[in-house]
Amino acid sequence: MVASPSGERVVSVPTRRGTALRLITGNRQTVLGLCALGVFLLIALLAPVIAPTPVNTGFANGFSAPTAVHPLGLDGGGFDVLSRLVHGAQTSLLVGSIAALVGMVIGGTIGFVAGYVGGRTDGVLMRITDYFLVIPDIPLMIVAAAVFGQSLTNIMIVIGLVYWASTARLIRAQVMSVRQRTFVKRVEAMGASPLFVLTRHVVPQVTPLLVANTVLMVANAIFAETYISFLGLGDPSVVSWGRMIQDALDQGAVVAGAWWVVLPPGLAVTLVVLAATIAGQGMEDTLNPRLKVGHLAVRRFRVRPLHGALDRP
Amino acid sequence: MTPALSRIWFALVTVFVAATINFFLFRVMPGNAVSALRCRACTPQLREALLNRYGLDAPLPEQFVRYLDQLARGDLGISIASGRPVWQEITGPLLNTLPMLIAGTLIALVLGVISGVVSSWRRGTVLDSTTQWTSLAFYAMPTQWIGLLVLFYVAAAIGLPAAGIQSASLGVLGEPSMWDLLVDRTAHLILPALTLGLGSYGQYAIIMRSAMLDTLGEDYILTARAKGLRDWEILRYHAFGNALLPMVTMVALSAGSIVAGAIVVEDVFSYPGIGFAAVDAIGKRDYPVLQGIFLLLTVAVVVANLVADLVYVRIDPRIRSGRVAVG
Amino acid sequence: MDQRSVSAAGGHTRRRILAVLGVLTLLLAGCSKGAGGGGGGGDADNVLTIGTTYYISSLNPFVGIETQDSTAYSMLYPQLLQYGPGLKLEGDWAESWDESPDGRTITFKLRDGQWSDGTPLTAEDAVWTIETIRKHAKGATASMAKVLAGVGSAEAPDPRTLVIRYDQPMGPALANLQQMYVLPKHVWASHDTGEDGSGLTDFKPEQQLPVVSGGPFTITKYEDKGTTVFTPNPKFYGPKPHASAVALTFYTNPTAMIADLKAGRLGFVETVPFKDAAQLKSLQGFTIDSQPGNEVTNFGFNSSDAKKQNRELLDPKLREAFEYTLPREQIVSTVFGGEAKPWADILSGWSGDWVNPKVQPLPNDVDKANQILDSLGYPRGTDGVRQVPATTGEHAQPAHPMRYTVIVPNDTDYDGHLQFTLLQSAFEKVGVQLTEQAGGDGTQAYELITAPDGKYEDADMFTWYWHPYIDPDFNLGVVTTSELGNNSDTGWSNPAYDALYEKQRTTVDPAARRDLVWQAQAEIASARPYVQVVETNLVTANSTGWTGFEPKLFTLGKAYYTSPRRA
């Protein structure tokens, strides 16, 4: 494993058949995480079927403790909490995955171009990336909501737009390091076309890392969605877990002592974020077993991962 | 240019670009500070007069030039909502937020150290897994949810104030004593700080555990044990030292998340800090204050990055100039 | 450096760093927002702490436009008139007054008094205030100019007599004067400088505490988003406060405020969230008081002829059908926890007999609504949504389904989103599909509702609220043509109504004016630019250690702060 010129940690992915399979199954954490995610995905897909009641039907005027009919009780508006939770899974997972995809596409493309082309283009792209790493995310989100309206699509795009930068840096570092490798240089010296080098060598080395990073991004995005709902910028016509947490605060669940409204959505988010995190971490560990520390750094601080500051060989 | 200087230069450029973009960003939003005064007797003339006073009716590029000019003189402008200088509007909330953030970081550090030590000392056992999973779980929880839980279960149980920064009756009939003020302020910042600390201790736990495991595996530890040094001393003198560097780095990086943590926690606990001030200024379209706050935050993040970078480069000789084989 | 000494040094350094950080925290905690000046002596037990979610934005009456600002001003400054218990206009500084038969002159006999700094309080202060407001009515004093609408001149024949002459008889004259705060000439006159009096709006009384006051209190400490302290002014001409001081504390959200109430840290809470009322009533230590309030929520239509799409919404008959669809009772119980009642008038019950008793809410009758919509020629489509046939002529529209957007602002003290979901289900039953559009805060919502740029072209409907004044003039005026682009959120414009409004405005005889006011309300009720939804209750809480509260006098009279006393 080598350090890229700017010091991001990079990995060496042996190009073997079955890398994809190994990525998914090679690590117990990954398997556990992906299974948990799969369960939630299933719940989300089956939401209309398994929700005990229609989501927009009120059953009472306010909070109501759990009963057999309403296993998680009713919230401040008289809506069934379990139904909202299950439908919320749809929204949260949808937002999470698409936002992560948007981030991956933007970040991956920019990182790729910067790393591959190098030179001036790299410089300019990295300056732009730096800005996005540094800007406080809140104003971007609030302005976007105010200007473009608060719809689900906009939210997904906004999250991707705000969080793509760390992916870009990571991919760029990886691309650059791959191009530096001796055997790639040899292949190029032998006259292979850039396209050949690209598809046979660069892409296979970069893709697994991109995948791992995207899974981690899903965790980020779901987290960010709760944040957006918290600011009141979410789509008002859909239920999401972030919305449920915010409703708990707004509807005075604390004052009313309605724990059945407060606990479920937060637990759900925690579990999904956990699952995605350990899955992504597991994948990164598969790619480089020596990378033990520093995964958590990817999320909270949208700043450059330091020169292997958190790597301890 | 040495690497250090070039980083400083890039940092300055980033700040400038950020400040510029922030200027234009808020003005894209519908409505301005004066446009929708639903006040009892507002007239179109009043609105025009106010727009003129605040220079909001000038074309945008002209406003921008005026802004840059003021900035160069160190003047952040005047708040539209209150008429006071922007720096005055900002320092108050900032001084409210900082102790809470520091306390929160301290709590996170303490929890992280305990968690890391426990899980590495009893590596491979159930205690190890439990501790690790717990710290990861807290890290995965939305901060406002942690705040709600703290409000729910801790506030009433312990009898700590759940909101605000100062008790309503303090200082009403006379200047409160320094001690009373201190006690009251501290009581009010405990719950928000606890929320922040719980939500972020996970990263310190991981660093601590890793540092501990590395240290415990070193040869000289065996020697130390053989010499009769007790576990506790090994911990203090060796493991902590190895964890110091990444911990300090992480704390520096935490500065970058002032906004996220502050806004969330301050809303849940009604804490009048910088996050709250930012959200408030957005609602009022108070552009000068908004620009000031976000300039401040951008600078804070950039400086934190820079400091972490430079400190790290200096302390660890192995990665000077960034050219090193890691692993 | 070998490993060991690095680690050892690291350990020591680490502890030092922690120690320094710890001390810093404590120091900063003490430094943050230092306490303000102290007030007069008095029993600490006798301090009334009030919790509120409304803050005081400025101590300058020409600048402040927030609700809580009015409370502060009425506590600081003499008003000729104020509202007393029972919401009756009574004299504050004025002992008595006389109206000339033609309604154009009012003579006030004023009480003897002093400003808090000892300077005599005389009619000259009133004359100066009135003349200054009129002088800069298009500039610095524009926000107060409306209360002097119709005033021609003011004189002080002697220090305790004030004569105000009107150019034309003004029906709401006395009610308007209640909103005028008499300022101390000897403090303010020197600030009357700059272009159109701009020095007056630049002046910040909060930087010169304690404020020179003529009311029952002065302010010794001011924090807009914190605690503001009112201490009694011993030179006040009226009834002295029972409390030794009033500390008004602002809370960003009601949950925090209720938490402090429960912990016994507050004496009075100004606005208890509607849905918490029932649950709090059963707790010990404080009493919850709930009475009809003056918040009227509405369901508004873009009623402007400039509206581009969905012009069928301009039809009052269609809006009548929509009123039959409105599930008011359900909204009362679900959104307001029962702390409201169905309402139809643009004024609140506080306006007493200004309220036209014949204006009543239509019952929730889905069949009737469907009947009307059928008769208007809007058949149901295959998906259950009604279709509007194409129209021809000047504002021709293609055929389209009845799908409308409702703007829901988030600056309400009730759950607007919850109310919308109830509306949505209700309107589904009559074949109308509603979509929610987040309105954002008040500023943004207004922009969206009057979009684009105050031309009223885009919006369909919105849900919002007013806190109507007691005197009907302002709120009846909101729907006039002259308020387009200003206070009018519906864009409704009707010249006949405008004329009626002017007439009631210049009618002094209460009985005659009342008839005109009733007529105006009936017109609004039948044209339905708004459909009023509910009138909410005023829900306040006070600790059992205190009594004598007058919750309704919030911003309306000095008794609000002066009458509460220890139980």
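Here, each number is a calculation from the coordinates, and none is a lab measurement. This is a predicted model, so every value here is computed, not measured. Cβ sites come from the backbone with ideal geometry, for glycine too, and all protein chains shown count toward neighbours.
Miscellaneous remarks
- Cα centre as origin, Lys/Arg/Asp/Glu Cβ charges: the protein assembly as shown dipole, Debye: 5780
- The alpha carbon centroids of the stretch A:213-269 and the stretch C:107-124 are separated by 58 Å.
- 30 Å Cα-Cα threshold exceeded, pairs from C:LYS240/C:LYS281; C:LYS109/C:LYS240; C:LYS341/C:LYS455: C:LYS240/C:LYS281; C:LYS341/C:LYS455
- Each other residue within a Cβ distance under 10 Å of C:GLU295 adds +1 if Lys or Arg and -1 if Asp or Glu, for a net charge of -2.
- Only Lys, Arg (+1) and Asp, Glu (-1) charged, at Cβ; the stretch C:376-487 dipole about Cα centre in debye: 680
- For the peptides B:182-189, A:103-110, A:164-171, A:142-149, the ranking by mean Cβ contacts within 10 Å, running from highest to lowest, is A:164-171, A:103-110, B:182-189, A:142-149.
- Each Lys and Arg Cβ is given +1 and each Asp and Glu Cβ -1; about its Cα centre, the stretch C:335-382 then shows a dipole of about 100 debye.
- Normalised per residue, the volume of the convex hull around the Cα set of the stretch C:65-159 (Å³): 132
- Partners for C:LYS88 among aspartates and glutamates (Cα-Cα distance below 16 Å; same-chain residues under 8 apart left out): C:ASP353, C:ASP471, C:GLU550
- The protein assembly as shown - Kirkwood radius from inverse mean 1/r over Cα pairs (Å): 32.8
- Sequence-distant contacts, meaning Cα pairs under 8 Å at least 6 residues apart, place the relative contact order of the stretch A:116-174 at 45 percent.
- Candidate lysines for bridging to B:LYS284, where Cα separation is under 20 Å - those fewer than 8 sequence places away on the same chain excluded: C:LYS204, C:LYS225
- For the stretch C:488-567, the relative contact order works out to 20 percent when only alpha carbon pairs closer than 8 Å and six or more residues apart are counted.
- By the rule of a C-alpha distance below 16 Å, with chain neighbours fewer than 8 residues away ignored, the aspartates and glutamates paired with C:LYS368 are C:GLU320, C:GLU323, C:GLU428.
- Within chain C, helices built from complete DSSP H runs that reach 24 Å or longer along their own axis (Cα positions) and carry a mean Kyte-Doolittle hydropathy of 0.5 or higher are C:3-31.
- Over 23 Å (Cα to Cα) - which of C:LYS138/C:LYS185; C:LYS358/C:LYS558; C:LYS275/C:LYS317 fall in this group: C:LYS358/C:LYS558; C:LYS275/C:LYS317
- Shape of chain C, Cα gyration tensor, a/c cut at 1.5: oblate
- Leading residue at positive end of dipole, chain C (Cβ point charges), from C:GLY285, C:PHE549, C:TRP492: C:GLY285
- Percent antiparallel among DSSP beta bridges (both partners in chain C, rounded to 5): 75
- Projecting the Cα positions of A:MET190, A:VAL202, A:ILE155 onto the charge dipole of the stretch A:155-213 (unit charges on Cβ atoms of Lys, Arg, Asp and Glu, taken about the Cα centre) puts A:MET190 furthest along the positive direction.
- The stretch C:148-212 and the stretch C:243-286 have Cα centres spaced 36 Å apart.
- Spatial offset of the stretch B:62-138 relative to the stretch A:137-179 amounts to 22 Å, using the alpha carbon center of each.
- Peptide C:549-557 has a mean of 0 when you count, residue by residue, the C-beta atoms of other protein chains within 10 Å of its C-beta.
- The stretch C:307-404 - percent relative contact order, Cα under 8 Å, separation 6 or more: 25
- Tensor-based shape of the stretch C:378-486 (alpha-carbon gyration tensor, a/c under 1.5 rounded, otherwise prolate or oblate): oblate
- Take each residue in A:46-57, count the other chain C-beta atoms within 10 Å of its C-beta, and the mean is 1.
- Shielding value for B:94-103 is 5, the average number of Cβ atoms from other chains within 10 Å of each residue's Cβ.
- Taking all Cα-Cα distances within the stretch C:271-404, those exceeding 27 Å account for 40%.
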